[in-house]
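What follows is a short report on a single structure.
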Amino acid sequence: MKTVVPIDPATPMKRPNMTREYRQHVFHAPAGACDLLLIRHGESEPARPGMSFPMVDGHGDPALHDNGHIQARQVGERLKSAPLAALYVTTLRRTHQTAAPLAAQLRLTPVVEADLREICLGDWDGGLYRIKALEGDPAFRRASELQEWGEIPGAETTAQLHARVAAGLWRIAERHPDQRVAAFVHGGVIGAAMAIATGAQPFAFNGAANGSISRIVLSDGHMIARGFNDCSHLDVA
């Protein structure tokens, strides 16, 4: 009778010419990290000459355009199965309106993080910035060339924007170790967050699309950029 020797699973089997394999790295968030989705609000109502948006603490506060409500619903459909521990919004209603469809899907109440509000545009807030930008106002051109928001009369500086955005992001991260959360924010805030995370020039990531999703991971005092301007869920013309 032949004796069968059991194979110890802890002992590697020897195979002729076997070589070790080294697979490509797959990113995993570090232990204790906060995985943060940054969602730009949907398109807001248009600016009109001689008319100002309602103001909240010095910031223009337009509602969403009809197209913005469509984008908000598309964001909700995209993320309705995502394992999100919390939703954040800013002090401005366009972020609340954009978050509403997803909040209803997930049965979460959004939390306000005031430091993630849009850039304070000083004398040009309330809608005038859009008009000045399209007209090519000299102060707008200087701001773009120097990557300095403070060139706009009365606006906060780029350094001030980055400081408060970083403070807001880290406050969220400290509340949510080992969790994924989403923050509905503004184009200037996404640009600042991505520039901070990558060390890029301050305006390098300005221009995220309405309803787009970007992603950063925050851990041990470091930010890691993992995605920018994902629009795959949107009807983009």
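The values are calculated or read from the model by the stated rules, or taken from the named source; none is laboratory data. Every value quoted in this text rests on a predicted model; they were computed, and no experiment measured them. Ideal geometry is used to build each Cβ from the backbone, glycine not excepted, and the neighbour counts take in all protein chains shown. Accessible surface areas use protein heavy atoms only, side chains included; no ligands, DNA or RNA. Shrake-Rupley method; radii C 1.70, N 1.55, O 1.52, S 1.80 Å.
Before moving on, here are some points about what is shown:
- Ranked by the mean number of other Cβ atoms within 10 Å per residue, highest first, peptides 174-180, 110-116 order as 110-116, 174-180.
- Percent carbon-and-sulfur accessible area, the chain, ignoring ligands, DNA and RNA, probe 1.4 Å: 53 percent
- Heavy-atom accessible area for PHE228, with the other protein chains in place and a 1.4 Å probe, reaches approximately 80 Å².
- Listed residues PHE27, PHE205, PHE184, most fluctuating in the chain (Gaussian network, C-alpha, under 10 Å): PHE27
- Solvent exposure of the chain as accessible area per residue, Å², 1.4 Å probe: 55 Å²
- Trypsin sites (Lys or Arg not before Pro) within region 28-133: DSSP coil, no more than 10 neighbouring Cβ in 10 Å: ARG107
- Distance cut-off 14 Å, percentage of C-alpha pairs in region 29-87 lying past it: 69 percent
- Among HIS25, HIS222, HIS69, the largest mean-square fluctuation in a Gaussian network model of the chain, built with springs joining Cα atoms closer than 10 Å, belongs to HIS25.
- Calculated percent of Cα pairs over 21 Å apart (choose from (i) 53; (ii) 70; (iii) 60), label: (iii)
- Of THR157, ILE190, SER81, farthest towards positive along the dipole that unit charges on Lys, Arg, Asp, Glu beta carbons give the chain: SER81
- Cα extents of region 107-237 along the three principal axes, largest first (Å): 46, 35, 28
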